[in-house]
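A short worksheet on the structure shown next.
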Amino acid sequence: MTPPPSSTEKLPELLPELLPELLPELLPEPFSEALSQSMPTPPTLVVPAPLLGPLQGWPRRVLFVLSFEVMAISCSSFGLALFSEQSMSHASVMGFTCSAIAVTWNWLFNLGFEAWEARQSFRHRTVWRRVAHAVGFEVPLLVAFVLLFAWWFAIGLGQALIMDLALFAFFLVFTFLYTWGFDLLFGQPQAKLTSKVTHNFTTPKEK
């Protein structure tokens, strides 16, 4: 078994990244100033200020989940009644049931997703990361709700799948736009907006 590479062995790989920072300190002052001025300034990520003010922690999660589910219950009840051709009251029971399941899943999923984001080197929520967020939230619900619809509305799995896919397509777009709009109104989770890049070097032991 080969031993893991030491810090000195990794140094050649890190030199291209560290050289712009180390050269101005090693050169005489006139050359250091000229070199610093000639180097391009790294781009700064500008995060827009929240429209309604920052909201973080548990108040953010509570408002996110409750406001999402109020709109979800209204939309899902109407859609289920329309596709199943059954009464709105009958469909609303399943709408509330799906909402209760979704609330629990929403809470747990966002806790896990934000914890994962906090461990990433690049923590800004890009478009592709938002797509992953929406898909990761919706797909497990897609499977669970097919079985519930087939049982509650006394329909086949094929019709239940069509109903669920129609709601899935709607809520996939809705989740994406809702999360984006929520971030615009109240800002992004604070854990993602602060990051530090550190390089640790250990002095090789003397033989």
Among residues of region 124-150 being surrounded by 12 or more Cβ atoms within 10 Å (Cβ to Cβ) and either touching a Pro at 6+ places or on another chain (Cβ under 6 Å) or among the aromatic types (Phe, Trp, Tyr) (or both), the residue farthest from Glu69 (Cα to Cα) is Phe149
Determine whether Thr175 is closer than 24 Å to Val62 by Cα, of a type in the set (Ser, Thr, Tyr) and under 15 Å from the mean Cα position of the chain (by Cα). yes
Take the residues in region 111-134 that are touching a Ser or Thr at 6+ places or on another chain (Cβ under 9 Å) and of a type in the set (S, T, N, Q), then tell me which one is farthest from Gln159 (Cα to Cα). Ser121
Sort out which residues of region 56-105 are more than 27 Å from the chain's Cα centre (by Cα) and surrounded by fewer than 14 Cβ atoms within 10 Å (Cβ to Cβ), and write them in order of number. Leu82, Glu85, Ser87, Met88, Ser89, Val93
Could you figure out which of (1) assigned to a loop (DSSP other than H, G, I, E, B); (2) under 23 Å from Gly53 (Cβ atoms); (3) at pLDDT 85 or above isn't true of Leu185? (1)
How many residues of region 80-102 are in a helix (DSSP H, G or I) and either among the charged types (D, E, K, R) or in contact with a strand residue (DSSP E or B) (Cβ under 7 Å, 6 or more places away or on another chain) (or both)? The answer is 0
If Ala72 satisfies every condition in (1) part of a helix (DSSP H, G or I); (2) at pLDDT 85 or above but one, which is the exception? (2)
Scan region 174-192 residue by residue and report those that are free of Cβ contacts under 8 Å to residues at least 24 places away in the same chain and either surrounded by 18 or more Cβ atoms within 10 Å (Cβ to Cβ) or of a type in the set (A, V, I, L, M, F, W, C) (or both). Leu177
Within region 96-106, restricting attention to residues that are touching a helix residue (DSSP H, G or I) at 6+ places or on another chain (Cβ under 6 Å) and farther than 13 Å from Glu138 by Cβ, which residue is modelled with the highest pLDDT? Ser99
As an exercise: evaluate Glu114 against (1) in contact with a Leu (Cβ under 7 Å, 6 or more places away or on another chain); (2) over 17 Å from Phe174 (Cβ atoms); (3) of a type outside the set (S, T, N, Q); (4) at pLDDT below 90 and give the number of the one condition it does not meet. (1)
Regarding Ser121, is this residue loosely packed, with under 14 Cβ neighbours inside 10 Å, in contact (Cβ under 8 Å) with a residue 60 or more places away in the chain and more than 16 Å from Phe168 (Cβ to Cβ)? yes
Would you call Leu148 closer than 23 Å to Phe182 by Cα, in contact (Cβ under 8 Å) with a residue 12 or more places away in the chain and more than 16 Å from the chain's Cα centre (by Cα)? no
Would a scan of region 106-125 turn up a residue that is in contact with a His (Cβ under 7 Å, 6 or more places away or on another chain) and either of a type in the set (Ser, Thr, Tyr) or in a helix (DSSP H, G or I) (or both)? yes
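The values are calculated or read from the model by the stated rules, or taken from the named source; none is laboratory data. Keep in mind that this is a model prediction, so the values were computed, not measured. Virtual Cβ from ideal backbone geometry, glycine too; neighbours counted across all protein chains shown.
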